[in-house]
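Student: Take a look at the following structure, please.
The values are calculated or read from the model by the stated rules, or taken from the named source; none is laboratory data. Quick caveat, the model's predicted, so the values are computed rather than measured. Heads up, the Cβs are rebuilt from the backbone with ideal geometry, glycines too, and the neighbour counts pull from every protein chain shown. Surface accessibility is based on the protein's heavy atoms, side chains included, excluding ligands, DNA and RNA. Shrake-Rupley method; radii C 1.70, N 1.55, O 1.52, S 1.80 Å.
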Amino acid sequence: MALASALVSVIIDAVRKTARPMLRDFGEVAHLQVSRKGPGDFVTAADIKAEDTLYELLMKARPGYGFLGEERGMIEGTDKSHTWIVDPIDGTTNFMHAMPHFAITVGLQRYAPDGSSEIVAGVTYNPIMNELFWAEKGKGCYLNDTRIRVAGRRDLSESLIATGLPFIGKSGHAQSIKDIHAIGQRVAGIRRLGSAALDFAWVACGRYDAYYERNLKPWDVAAGILFVTEAGGIVTTIDPDGDPKTGASILASNPELHPQLSKVLRG
Ligand code: LIP
């Protein structure tokens, strides 16, 4: 990428190298080994292979950093100021069902001496559409070589909203119905496409006006939080004063719609 810094270029290179075998696996998904981590929670051989590649390349580039991966868990580094946060295939269930909507997503979290932290770089790549979203703190958000910004829509009744819904083994079913009921009466459309990382990216480029979801993981949200804020949006938890980086709940939108949606979801 002409505009990307050396740090972001390291991530982009690792993601692109990971994507090539992933596309081959996607073409043969019917023959892919799949394991069950829990009810409704699957991991494929492609997830494992992709996370292994990302671990090898990112740790080679920044040997001391920590690494938090969906499949490996937390691996502490000697440099306590940085941690890679990685979901090798966000949208695994889509991938397993040969649905062409999934992404490799990498965030870099930086820790300050006072214990606070922020996401300072992120890349999310949809290899099927060859759409590479990337951002660095204070330097904007991009889709391939084009700078992107959140939609400017102010009227909730004209907005298109993304969300995620619980399934077997997940909690929050009753709350999700309450959320859908409250939101659905006020917006032009709701979409649930099965990849949080791409939901964030599509808010950042203005395809969605907002995205909300509960009960996610740090690797689902790390890069996306940076994308939306660097594209002029706001990302908070649904309930007041939480830390969206945990993934406990997410509300991402532009500055005009965020307070309106926050009021609706907080009931
Ligand atoms: C998925 C998220 C999705 C959420 C699913 C799952 P995975 O991530 O991207 O938004 O609704 O429950 O967490 O597990 O496919 O990497």
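Student: Going by what's in this entry, would Tyr212 be described as assigned to a loop (DSSP other than H, G, I, E, B), touching an Asp or Glu at 6+ places or on another chain (Cβ under 8 Å) and not β-branched (Val, Ile, Thr)?
Tutor: In short, no.
Student: Could you run through the range 43-62 and say how many residues are part of a strand (DSSP E or B) and either surrounded by 23 or more Cβ atoms within 10 Å (Cβ to Cβ) or in contact with a Phe, Trp or Tyr (Cβ under 9 Å, 6 or more places away or on another chain) (or both)?
Tutor: Qualifying residue count, the range 43-62: 1.
Student: Now for a separate question. Looking at (1) buried (at least 19 other Cβ atoms within 10 Å of the Cβ); (2) touching a residue at least 60 places away in the same chain (Cβ under 8 Å); (3) not basic (Lys, Arg); (4) not assigned by TED's automatic domain parsing to the domain that holds Phe102, which is the one condition that is false for Tyr125?
Tutor: (4)
Student: Ok, one more. Mind telling me which of the residues Asp114, Asp90 ends up being over 16 Å from Ser5 (Cβ atoms) and free of Cβ contacts under 8 Å to residues at least 12 places away in the same chain?
Tutor: Details: Asp90 fails: free of Cβ contacts under 8 Å to residues at least 12 places away in the same chain.
From the options Asp114, Asp90, the qualifying one is Asp114.
Student: Let me ask another. From the list Ala45, Ala151, Ala103, Ala112, pick out the single residue that is closer than 22 Å to Ser9 by Cα and either touching an Asp or Glu at 6+ places or on another chain (Cβ under 9 Å) or in the same structural domain as Gly242 (by TED's automatic domain parsing) (or both). Step through it out loud before you land on a result.
Tutor: Numbers: Ala45 fails: closer than 22 Å to Ser9 by Cα; Ala151 fails: closer than 22 Å to Ser9 by Cα; Ala112 fails: closer than 22 Å to Ser9 by Cα.
That would be Ala103, the only listed residue that is closer than 22 Å to Ser9 by Cα and either touching an Asp or Glu at 6+ places or on another chain (Cβ under 9 Å) or in the same structural domain as Gly242 (by TED's automatic domain parsing) (or both).
Student: Ok, one more. For the range 6-19, does any single residue satisfy the condition of being open to solvent by less than 30 Å² (accessible area, probe 1.4 Å) and charged (D, E, K, R)? Lay out the reasoning, then the answer.
Tutor: In the first step, residues of the range 6-19 are kept if they are open to solvent by less than 30 Å² (accessible area, probe 1.4 Å); the result is 7-8, 11-12, 14-15, 18-19.
The next check asks that each one be charged (D, E, K, R); those that pass are none.
No, every residue in the range 6-19 fails to be open to solvent by less than 30 Å² (accessible area, probe 1.4 Å) and charged (D, E, K, R).
Student: If Asp199 meets every condition in (1) away from the ligand (no atom under 11 Å from the Cβ); (2) open to solvent by less than 10 Å² (accessible area, probe 1.4 Å); (3) within 16 Å of Pro166 (Cα to Cα); (4) of a type outside the set (Phe, Trp, Tyr) apart from one, which number is that one?
Tutor: All conditions are met except number (1).
Student: Sort out which residues of the range 130-173 are within 16 Å of the ligand (Cβ to nearest atom), loosely packed, with under 15 Cβ neighbours inside 10 Å and without any contact (Cβ under 8 Å) to a residue 40 or more places away in the chain, and write them in order of number.
Tutor: Answer for the range 130-173, where residues must be within 16 Å of the ligand (Cβ to nearest atom), loosely packed, with under 15 Cβ neighbours inside 10 Å and without any contact (Cβ under 8 Å) to a residue 40 or more places away in the chain: just His173.
Student: Does the range 216-238 hold any residues that are open to solvent by less than 30 Å² (accessible area, probe 1.4 Å), in contact with a Gly (Cβ under 7 Å, 6 or more places away or on another chain) and in a loop (DSSP other than H, G, I, E, B), and which are they?
Tutor: Answer for the range 216-238, where residues must be open to solvent by less than 30 Å² (accessible area, probe 1.4 Å), in contact with a Gly (Cβ under 7 Å, 6 or more places away or on another chain) and in a loop (DSSP other than H, G, I, E, B): just Leu216.
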